Amino acid sequence: MQEQSDDSSEDEAAGDADMDFMRNLFSSALGLSSAEKVLDELTLDGVARYINSGKCKNIICMVGAGISTSAGIPDFRSPETGLYANLQKYNLPYPEAIFQIDYFKKHPEPFFALARELYPGQFKPTICHYFMKMLKDKGILRRCYTQNIDTLERVAGLEGDDLIEAHGTFYKSHCVSFCCRKEYSLEWMKEKIFSDDIPKCDKCSSLVKPDIVFFGENLPARFFTSMKMDFPRCDLLIVMGTSLQVQPFASLVSRVSKNCPRLLINMEKSGQVKPMMSLFGFGEGMDFDSDKAYRDVAHISTCDDGCLALADLLGWKAELEELVKKEHAKIDSQDAKEKASENKGATAKASSASAPPEPKAEE
């Protein structure tokens, strides 16, 4: 039933995209396109003034692996440091196989070995994550759409309703058997992964997989239903740390209204409209540099530096730095308590094992 629901949602989304394309075609051909320039200038300062004006109440953030690299989590495609460049040790037929569902079902070992290295809970959220939390606290974040599976948005304080985890999450796991689909918790999966066990369902003995979306699987149905509600209402789109190369996530930038400003914070310009499409005025990508540019801003920097720069212009920098400091200290304190508890348990276990057996009482 779930599979049918996802398929129909994807079909509907494809149909919507076709309609948008045709609408743009006729609007452009007939000269009906009437986009209003909302930003007073196409700079980070212009974006900050717009946010501070009070007119901006429904911000959507679209984020990718680049927001987590400063936490120590590698992105996928960087030539030497990216995840795909460092998978030789797993003897894969090709790098992407580690995230392909058919390969996983036959050879789950490489994925779970990688999961030990990247498991949620071993990293702290970044400045960028906490900037989004501040947008939520100030009541102007409509939703965060993330490609990431590291759950750092949740650790930073974004809750289920604040998030669309487009490529799934480690937060929950399910049995891969369509007839079973028993659900397992983050703690259950963590115990299995770090005990070097391949997680198997205790009900039917099939593999258990974290709810991350592998190649060959559908995106969560909630991704498709939420985007239809959220993007027409969006009054500022902030895109951070993504190459905008993976569909259908990348196409979301074209689902906001023509008046909605779009800010990219990234190490390079991404998601740009193709030159031929630009000639016809189609809104299938970002336009930072042409004579027709009127709403897209590219701030080329790390995501953390970009968020700090924007926070500074908004008058939030000290508040953001204090939030990061306080939350990181809380995580460090919790980690120290857990390690002390583990060490205490290990010491007690070792002591019990080495103690001589008590003599039996004489009858």
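The values are calculated or read from the model by the stated rules, or taken from the named source; none is laboratory data. In this text, all values refer to a predicted model and were calculated from it rather than measured experimentally. Note that we place each Cβ from the backbone using ideal geometry, even for glycine, and neighbour counts take in every protein chain shown. Protein only, heavy atoms only, side chains kept; ligands, DNA and RNA dropped before computing areas. Shrake-Rupley method; radii C 1.70, N 1.55, O 1.52, S 1.80 Å.
Here are the numbers for this structure:
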read-out	value
Answer residue from the stretch 82-115, given it is modelled with pLDDT of 80 or more and of a type in the set (Ser, Thr, Tyr) and is nearest to Ala71 (Cα to Cα) among those	Tyr94
Pair list, Cβ < 8 Å and 6+ apart or interchain, from the stretch 56-85 residues that are farther than 16 Å from Ala156 by Cα to residues that are open to solvent by less than 20 Å² (accessible area, probe 1.4 Å) and modelled with pLDDT under 60	Pro74/Gly82; Pro74/Leu83; Asp75/Gly82; Asp75/Leu83; Phe76/Gly82; Phe76/Leu83
Residue list for the stretch 139-159, filter: open to solvent by 10 Å² or more (accessible area, probe 1.4 Å), assigned to a loop (DSSP other than H, G, I, E, B) and among the aliphatic types (A, V, I, L, M)	Ile140, Ile149
The listed residue being at positive phi, buried (at least 20 other Cβ atoms within 10 Å of the Cβ) and modelled with pLDDT of 95 or more, out of Gly306, Gly241	Gly241
Selection within the stretch 285-301 - open to solvent by 60 Å² or more (accessible area, probe 1.4 Å) and within 22 Å of the chain's Cα centre (by Cα)	Ile300
Among (1) outside the structural domain of Asn259 (by the TED database); (2) touching a Lys or Arg at 6+ places or on another chain (Cβ under 6 Å) - the single one Leu237 does not satisfy	(1)
Every pair of residues 6+ apart whose Cβ atoms lie under 9 Å, when the first sits in the stretch 29-44 and is over 17 Å from Asp289 (Cβ atoms) and at pLDDT below 70 while the second is open to solvent by 100 Å² or more (accessible area, probe 1.4 Å) and outside any helix (DSSP H, G or I)	Ala29/Phe280
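For (1) touching a residue at least 60 places away in the same chain (Cβ under 8 Å); (2) more than 24 Å from Ile331 (Cβ to Cβ); (3) not in a strand (DSSP E or B), each residue gets a yes or a no:
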| residue | (1), (2), (3) |
| --- | --- |
| Leu114 | no, no, yes |
| Asp161 | no, no, yes |
| Ile164 | yes, yes, no |
| His174 | no, yes, no |
| Ser177 | no, yes, yes |
| Glu191 | no, no, yes |
| Ile198 | yes, yes, yes |
| Lys203 | no, yes, yes |
